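Report on the structure given below.
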């Protein structure tokens, strides 16, 4: 391992670990695993204490995750909307994460750190779902120790190879850095273009709340479909009157009774109606001719002053909140 890197991390390693882990847990794209692995290699060489590295990483995880937990407890769906707005895959981030919550409850915190995206989304989901604070700290603490411990252990086991890798990277320096930055930029550009292309395809088909109200007052009212995931409906239990609650993965099955020329209006809870646009795309491929994502979803509908219904208290989605709390 190069002398300069070894001296710097031996002197400031714990501070670097704390800052890097905290920044990642707060949602910024600065992976902490490489730092933990390198510090593990230093610990294997006797330059750092592995126990202190783990304790510092645990403190940073609990601090960052607790901030999101209480934000989710207080602000609910608005926090999830913020996280999905900065996500590269906003149409699937909450749906995937809440699906794991439905299956495992608070136990998902044990594996959350190992799943990209879920690490940041799990704490606010736990807070919004009513999970007990002590249970959250216990589960999140164990999951954080497992995550950090694995990274440190890998550093200790492969200390010699890591030293060689750092030496090689030092030799090629700027070339390696530019290559990594270029690959990351290309990936982000590809995801952005996918989203833009999808939204552009359905921008003209989108309607606002006033247009939907006018359609509902006509002789042939449209079929309204709520394609939010069940957990999103727990966070915001408002629904547009008469809307069908449909799992987006079973969209064709749920709408099999409709003729291809039926007017269908879809709404979701994600930024720019991305999930509704994807559902509309799927229905177009299935032969439906008149499909419209609703701009702003149920929130825009309510803000326009139109009536909303509430999810029945005995529905599966409504009782999810209570199940997760226990």
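We did not get these values from a lab; they are worked out from the coordinates using the rules stated. Treat the numbers as computed from the prediction; the structure is a model and nothing was measured. So basically every Cβ, Gly included, is an ideal-geometry build from the backbone, and we count neighbours across all protein chains shown.
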Would you mind ranking 140, 236 so that the residue whose beta carbon has the fewest other beta carbons within 10 Å leads the list? 236, 140
Within a 10 angstrom radius of the beta carbon, how do 139, 215 rank from fewest other beta carbons to most? 215, 139
